[in-house]
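As structure tokens, the structure follows; a few thoughts come after it.
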Amino acid sequence: MTMNIVAIAGIAIVAAVFAAVLKRRNQEYSIIISIAAGIVILVEILSNIAPAVKQINTLLTAAGLSSEYTVILLKALGVCVLAQFAADSCRDAGESALASKVELAGKIAILVLSLPLFEKIAGTAAGLIGV
Amino acid sequence: MDVDLIFKIAAIGIIVAVLNQLLVRSGREDQAMMTNLAGLIVVLMMIIQQIDTLFKSIKSIFGL
């Protein structure tokens, strides 16, 4: 199954034209149109990425990697997608302060997610040194 | 894929803009503002459902 890139490009262009048309008369609709187009494109991407995620999971399990690492990796990816989407929408609406707060929240969420990994690395290093 | 959503929102926006202009020209500013608000709420209700599906699919795919 190939990703429908033509449809995505068409959606983006049509939404951009509509947003530009509505920008003068009522600006809130242009923001909502850009968010809607973003959602449609993201849903399409996610429906394509779901089988890929499954395959990556099986590959990493076959490579002998513990499944908790894969879970953390995918969670970080999901946090990135969500935070980026929210921050971009806020920035489009002219709220760059809110956007940077959302980005900060995403960064901290990923840091908290990956803290157990740091702990494990530190433990491995200490074991190697022989402390 | 629901491209219709974008067309629907654009159509509502254009209709509300025309209605707004019409009502303002005929001297009914308060009704014009109400129309504007109603259109915005309708569009927001439409988009909130889509945001819900997006967040749900992200949650299920990435296991958040």
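The values are calculated or read from the model by the stated rules, or taken from the named source; none is laboratory data. The shown structure was predicted, so the numbers you read here are calculated from the model rather than taken from an experiment. Cβ atoms come from the backbone with ideal geometry, glycine included; neighbour counts cover every protein chain shown.
Annotations
- Selection over segment B:10-45 of residues that are among the β-branched types (Val, Ile, Thr), within 24 Å of A:ALA16 (Cβ to Cβ) and surrounded by 13 or more Cβ atoms within 10 Å (Cβ to Cβ) gives a count of 5.
Each row is one residue, and each column tells you yes or no for (1) closer than 17 Å to B:ASP4 by Cα; (2) away from chain B (no Cβ under 14 Å); (3) surrounded by 15 or more Cβ atoms within 10 Å (Cβ to Cβ).
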{"site": "A:ALA9", "(1), (2), (3)": "yes, no, no"}
{"site": "A:ILE33", "(1), (2), (3)": "yes, no, yes"}
{"site": "A:ALA37", "(1), (2), (3)": "yes, no, yes"}
{"site": "A:LEU42", "(1), (2), (3)": "yes, no, yes"}
{"site": "A:LYS54", "(1), (2), (3)": "no, no, no"}
{"site": "A:LEU73", "(1), (2), (3)": "no, no, yes"}
{"site": "A:LEU82", "(1), (2), (3)": "no, no, yes"}
{"site": "A:ILE110", "(1), (2), (3)": "no, no, yes"}
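- Number of positions in segment B:20-64 that are hydroxyl-bearing (Ser, Thr, Tyr) and touching a residue at least 12 places away in the same chain (Cβ under 8 Å): 1
- Residue-level check: of (1) at the interface with another protein chain (Cβ under 8 Å from one of its Cβ atoms); (2) closer than 30 Å to A:LEU113 by Cα, B:GLN49 misses just (1).
- For B:ASN36, the conditions (1) at the interface with another protein chain (Cβ under 10 Å from one of its Cβ atoms); (2) under 27 Å from A:VAL6 (Cα atoms) all hold with the exception of (2).
- Filter result for A:LEU22 (within 12 Å of another protein chain (Cβ to nearest Cβ), over 18 Å from B:VAL43 (Cβ atoms) and surrounded by 17 or more Cβ atoms within 10 Å (Cβ to Cβ)): no
- Matching residues, segment B:9-30, being more than 9 Å from chain A (Cβ to nearest Cβ) and in contact with a helix residue (DSSP H, G or I) (Cβ under 7 Å, 6 or more places away or on another chain): B:LEU19, B:LEU23, B:VAL24
- Restricting the first member to segment A:40-67 and to residues that are of a type in the set (D, E, K, R), and the second to residues that are in a helix (DSSP H, G or I) and at pLDDT 90 or above, the beta-carbon pairs closer than 9 Å and six or more apart or on different chains are A:GLU44/A:ILE8; A:GLU44/A:ILE11.
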